[in-house]
1. Most mobile of ALA212, ALA136, ALA175 per a Gaussian network model of the chain (Cα springs, under 10 Å)?
2. Dividing the convex hull volume of the alpha carbon atoms of region 166-250 by its residue count, what do you get in Å³ per residue?
3. What's the long-distance tail for region 1-131, i.e. % of Cα pairs beyond 18 Å?
4. GNM, the chain, Cα, under 10 Å: largest mean-square fluctuation among ILE78, ILE30, ILE130?
5. Across 5 Å bins from 0, what is the distribution of all Cα-Cα pair distances for region 70-130, in whole percents?
6. Taking the Kirkwood radius as the inverse of the mean 1/r across Cα pairs, report the Rg/Rh of the chain.
7. What does the charge count around GLY75 come to, taking other residues whose C-beta lies under 12 Å from its C-beta (Lys +1, Arg +1, Asp -1, Glu -1)?
8. Counting helices only, and only those DSSP H runs with n ≥ 4, report the 222 nm mean residue ellipticity of the chain as the sum of -39,500 (n - 2.57) divided by its residues, in deg cm²/dmol to the nearest 500.
Amino acid sequence: MTTRQRLGFFTRVLDDAPARERYRLALTQIAAAERLGFDSAWVAQHHFHADEGGLPSPFVLLSHAAARTSRILLGTSIVTLPLEAPLRVAEDAAVLAELSDGRFELGVGSGGTPSSFPPFGHDPKDRPAIFARHLAQLTGALRGESLTDDGGALYPAAPQLLDTLWQATFSADGAARIGAAGFGLMLSKSQPHTAGNGLSALADTQRMVVDAYRANLPAGVPARVFASRNLVVVDDEATVGRLIERGIERSRASARIFGIDIPAGEIGRAHV
């Protein structure tokens, strides 16, 4: 079987600027990615914490991106499904698929910021159960199931989004469930390390997750795996060090949540 690789641009919209400028820069970067030949562009959804992610409404921004581009695939990585009304996610995704001439793929996940759940009326401990329930409602709507007493269904219909649906996970068990459902697997570079050590730890851990995913795919369903890595493009070495140090400092709190420890002294050596 031939493996097809796609090169994508992924942003959490974290520029050190007010929201309007962040969004302008993200749209400019997506348009540039298309001109440079990238296959896809992805955005992440985050609520409330500007230093973790600057985009609570990914469908709105991607609709602007669709109007400014003509070829590049657009996607979410991810929509935090437990914090959304799943039928509204299906509707917004279906409309965006139409506006982009079919250039949209939907990625969903359970979310990784516990403090974002109470404002939406949820206990973060209930995240897995909420996600499972919302995912069932979302996939049912995309499948075209009747949603009203008089036979109403998702409009516009978007069964193709179910065929290209992505789901994020940190665990091999989660990857096995995603594979069994035939969805695409989204990996995170903030994956807690459970295998290997040093520079190989992330890759070794993610390899275990991917293996579990592939082992559970139904016969004839092609594997789809999404992985991201940081790439800093600058004009001089001093800027590299400054950006890396700022990024590490910003990431300390969220890294601790996932059990990732950044040893003292690593910042100074980060760009050596």
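1. Comparing ALA212, ALA136, ALA175 in a Gaussian network model of the chain, the most mobile one is ALA136.
2. Roughly 109 Å³ of hull volume per residue.
3. 55 percent
4. Answer for the Gaussian network model of the chain: ILE130.
5. Answer for region 70-130: a P(r) of 4, 17, 26, 19, 14, 10, 7, 3, 0 percent.
6. Radius of gyration relative to Kirkwood radius: 0.96.
7. +1
8. Computed ellipticity for the chain at 222 nm equals -13000 deg cm²/dmol.
The values are calculated or read from the model by the stated rules, or taken from the named source; none is laboratory data. Predicted, not measured: the structure shown is a model, and the values here were computed from it. We place every Cβ from the backbone using ideal geometry, glycine too, and count neighbours over all the protein chains shown. Only protein heavy atoms, including side chains, enter the accessible area calculation; ligands, DNA and RNA are left aside. Shrake-Rupley method; radii C 1.70, N 1.55, O 1.52, S 1.80 Å.
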